[in-house]
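The values are calculated or read from the model by the stated rules, or taken from the named source; none is laboratory data. Everything numeric here is computed off the predicted structure, so don't read it as measured data. Every residue, glycine as well, gets a Cβ built from its backbone with ideal geometry; the counts of neighbours run over all protein chains shown.
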């Protein structure tokens, strides 16, 4: 929650220079608020946030049950500051980060590209040639990381996504800032014409004519952005307009309206929250970080992954639990990136999880909701059918695994047994996504439709991928 986000206002000199200063400012905010509400000093505090909450997020208190707790949206830098404060103003209970940018750009954007394709092969039209191409690009960039349980040594330093990139080319178009400006919708780089299939075949011929093992000179190791360009140019229904980076099955164009600007700037809302009326709320602006440049989002601070092992050690020592969760349909901050961070950090004296996450959990109706895994004070939850934002099963998740102490998925360090058991199919690196892709006009529900590949296509892909993935990871 750096000054200038949410409803907070700032002049040109008031922006924080980095995340460490943001953490100090927020702890000072907590000190001030407990002076006004002294009872908050002893009540358990849950620091929760999503997406860039892996680095920073705007915050509000949320009156969720039970009454002796409170939920707030925060992030790892704030937690680090609290742990380094001699007499912290609050009683930290748990840290929760969802679909978080815990790693650098290579880790959270590009490493997951192939597993994203395996989750939703619809993105490439179930085409084995295209799959093998991206598999090769992944290997050339060193993004084909091998997970072991526990992890056997730290992963090598990953190539910067700009490695091999044509710097005179699409860098500005492919920047994360530009994607954010598109409200998470990625548009095709060129208009779709009747020659779409011909262009697609030409693209594949270009691949076959390229020297074996050659990195694409245009994209370099920005293989996630290369996938997005492929999808929006060659794969129906995304060729109709855009792809929702945060929710793969959503190909609606335009998307369902969700702009909260009118509500956030309604004087009744601002009065209820004691928010200023001198300036209007906006959903996005480029935070200047004291004028920093040449950093992701202009942020000069290291990715949290560089201090997560130390953070986990301090959390265990102080009885503070950590929860990471991801939506299986999120492509921009995909779960593979979060799992990469987990396997590269040390907690409880061991690097990474000792067993692959493979325990199912259910919602209140008994429906399969995803995978949960708990070891040595760290919980990881993967939501089925969820993108960057999670579905109705989020309530069960919060009740059971955030505010509660449900032990489903907990590894017994003595015996290695897992509460709730393990499902062999879930041990794979990929939890298959849904079959349907939805498209049409999001403004009018009656004009939406869905598409599912023919059964013969699905069967052929299943046969292909069963052998193709035996050499992956």
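A few comments on the model shown:
Conditions (1) over 29 Å from residue 99 (Cα atoms); (2) modelled with pLDDT under 85; (3) surrounded by 15 or more Cβ atoms within 10 Å (Cβ to Cβ), marked per residue:
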| site | (1), (2), (3) |
| --- | --- |
| 199 | yes, yes, no |
| 211 | yes, yes, no |
| 216 | no, yes, yes |
| 230 | no, no, yes |
| 241 | no, yes, yes |
| 251 | no, no, yes |
| 266 | yes, no, no |
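- All positions within the range 14-29 that are surrounded by fewer than 22 Cβ atoms within 10 Å (Cβ to Cβ) and either modelled with pLDDT of 80 or more or in contact with a strand residue (DSSP E or B) (Cβ under 6 Å, 6 or more places away or on another chain) (or both): 24, 25, 27, 28, 29
- Of all residues making up the range 346-362, the number that are modelled with pLDDT of 95 or more and not in a strand (DSSP E or B): 7
- From the list 420, 387, 442, 370, the one residue that fits, being part of a loop (DSSP other than H, G, I, E, B), surrounded by 14 or more Cβ atoms within 10 Å (Cβ to Cβ), at positive phi and in contact with a strand residue (DSSP E or B) (Cβ under 6 Å, 6 or more places away or on another chain), is 420.
- Exactly one residue among 467, 408, 457, 415 is touching a strand residue (DSSP E or B) at 6+ places or on another chain (Cβ under 7 Å) and either assigned to a loop (DSSP other than H, G, I, E, B) or more than 26 Å from residue 353 (Cα to Cα) (or both), and that residue is 408.
- Of all the residues in the range 215-261, those that are more than 19 Å from the chain's Cα centre (by Cα), in contact (Cβ under 8 Å) with a residue 12 or more places away in the chain, in a loop (DSSP other than H, G, I, E, B) and over 15 Å from residue 161 (Cα atoms) number 11.
- Restricting attention to the range 244-255, the residues that are within 11 Å of residue 437 (Cα to Cα) and in contact with a strand residue (DSSP E or B) (Cβ under 7 Å, 6 or more places away or on another chain) add up to 4.
- Restricting the range 13-35 to residues that are part of a loop (DSSP other than H, G, I, E, B) and without any contact (Cβ under 8 Å) to a residue 24 or more places away in the chain leaves a set whose member that is farthest from the chain's Cα centre (by Cα) is 13.
- Of all residues in the range 119-130 being touching a helix residue (DSSP H, G or I) at 6+ places or on another chain (Cβ under 8 Å) and buried (at least 21 other Cβ atoms within 10 Å of the Cβ), the one that is modelled with the lowest pLDDT: 130
- Residue 101 closer than 25 Å to residue 431 by Cβ, modelled with pLDDT under 85, crowded, with 21+ Cβ neighbours inside 10 Å and under 21 Å from the mean Cα position of the chain (by Cα): yes
- Residue 429 modelled with pLDDT under 95, over 30 Å from residue 348 (Cα atoms) and in contact with a helix residue (DSSP H, G or I) (Cβ under 9 Å, 6 or more places away or on another chain): no
- Within the range 325-336, the set of residues being modelled with pLDDT under 95 and touching a helix residue (DSSP H, G or I) at 6+ places or on another chain (Cβ under 6 Å) comprises 326, 331, 333, 334.
- Residues satisfying the stated conditions in the range 106-117, i.e. over 20 Å from residue 239 (Cα atoms), touching a helix residue (DSSP H, G or I) at 6+ places or on another chain (Cβ under 8 Å) and part of a helix (DSSP H, G or I): 107, 108, 109, 110, 114, 115
- Qualifying positions in the range 79-105 - closer than 29 Å to residue 334 by Cβ and assigned to a strand (DSSP E or B): 92, 93, 94, 95, 96, 97, 98
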